[in-house]
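These notes are about the structure you will find just below.
The values are calculated or read from the model by the stated rules, or taken from the named source; none is laboratory data. No experiment lies behind these values; they were computed from the predicted model shown. Cβ placement follows ideal geometry from the backbone for every residue including glycine, while neighbour counts extend to all protein chains displayed. Each accessible area value is taken on the protein alone, full model and side chains, heavy atoms only, with ligands, DNA and RNA left out. Shrake-Rupley method; radii C 1.70, N 1.55, O 1.52, S 1.80 Å.
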Amino acid sequence: MKKRTFLKLTGAASAGLLVSPFIGCGNSTESESSEAPKAAPPAEFTPHVQSPLNYGFDALEPGIDAATMELHYGKHHAGYVRKLNAALESDVARRGLPLEAMLATLGTEDTALRNNGGGHFNHELYWRVMQPGGASTPQGPLAQAMEERFGSFEGFKQEFASAGAKRFGSGWAWLIMDAQGQLQITSTPNQDNPLMARCVEQPGSPLLGMDVWEHAYYLNYQNRRGDYIAAFMELVNWDVVGAQFGSHFA
Ligand code: MN3
């Protein structure tokens with residue numbers, strides 16, 4: 001309950017921040033000199049863009065190979081962004097919202113925004129939660145919360161890997177914080193995301209996301225999803241995940 005309120009407030013506050021500069025700009029430059037029609041202009045739409053990768057395509061080898069990274073970032077993720085922007089072009093109510101707030105508005109009928117908005121958010125997180133040179137370990141409050149919730153870091157790893165292995169077809173495994181502030185492991189089909197509260201069984205705020213679509217591993221691992229999952233677990237940047245966790249208590 002508390003958490004849901006927080007998410008809503010965050011979304012509203014961010015949307016306000018995004019929109020207000022344009023309102024201010026319009027007032028100062030046009031209200032006195034222009035005789036243009038007074039009808040409210042459509043919300044400003046700044047297309048979504050991919051964040052640059054913080055490392056090279058080959059930086060996660062041997063766990064994730066360069067060819068997979070190049071295709072995954074350059075074609076798959078780029079495609080979600082392109083189609084997300086195309087879908088938002090005609091959606092005046094949603095196109096001014098920050099991505100997280102936009103995802104929270106989606107219902108099961110919003111297929112294009114679910115697939116491509118989720119696809120963009122999920123991959124932005126995925127690139128950030130991996131790091132070259134191998135995994136760090138959870139520290140401080142996150143380490144403590146994991147121990148309380150899963151018994152140990154090893155217990156977490158087993159449960160998380162199992163969530164990814166058991167996801168039938170394409171989808172994601174997640175470590176999230178739920179509305180009660182508890183850590184949960186969950187998984188979603190396709191590009192659904194725990195922020196889509198009306199579309200998923202277990203809503204929450206994603207801390208760690210693992211892509212288990214075949215495009216994430218098939219070139220190198222073929223059908224051996226379990227080997228890919230083991231490799232992913234050895235690449236997790238727990239400092240980033242810990243910062244995501246900590247941001248909920250700031
Ligand atoms: Mn993917």
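ASP227 falls short on exactly one of the conditions (1) away from the ligand (no atom under 13 Å from the Cβ); (2) not in a helix (DSSP H, G or I), and that condition is (2).
What do you reckon, is ILE176 open to solvent by 20 Å² or more (accessible area, probe 1.4 Å), in contact (Cβ under 8 Å) with a residue 12 or more places away in the chain and β-branched (Val, Ile, Thr)? Lay out the reasoning, then the answer.
Numbers: open to solvent by 20 Å² or more (accessible area, probe 1.4 Å): no; in contact (Cβ under 8 Å) with a residue 12 or more places away in the chain: yes; β-branched (Val, Ile, Thr): yes.
So ILE176 fails the test.
Of the residues making up the stretch 144-169, those that are in contact (Cβ under 8 Å) with a residue 24 or more places away in the chain and hydrophobic (A, V, I, L, M, F, W, C) are ALA145, MET146, PHE150, PHE156, PHE160, ALA161, ALA163, ALA165.
Residues that are farther than 24 Å from PRO206 by Cα and surrounded by 15 or more Cβ atoms within 10 Å (Cβ to Cβ) within the stretch 72-103 comprise just one, ASP91.
Can we say GLU61 is over 27 Å from SER205 (Cα atoms), more than 14 Å from the ligand (Cβ to nearest atom) and without any contact (Cβ under 8 Å) to a residue 24 or more places away in the chain?
Taking the combined requirement at face value, the residue satisfies it.
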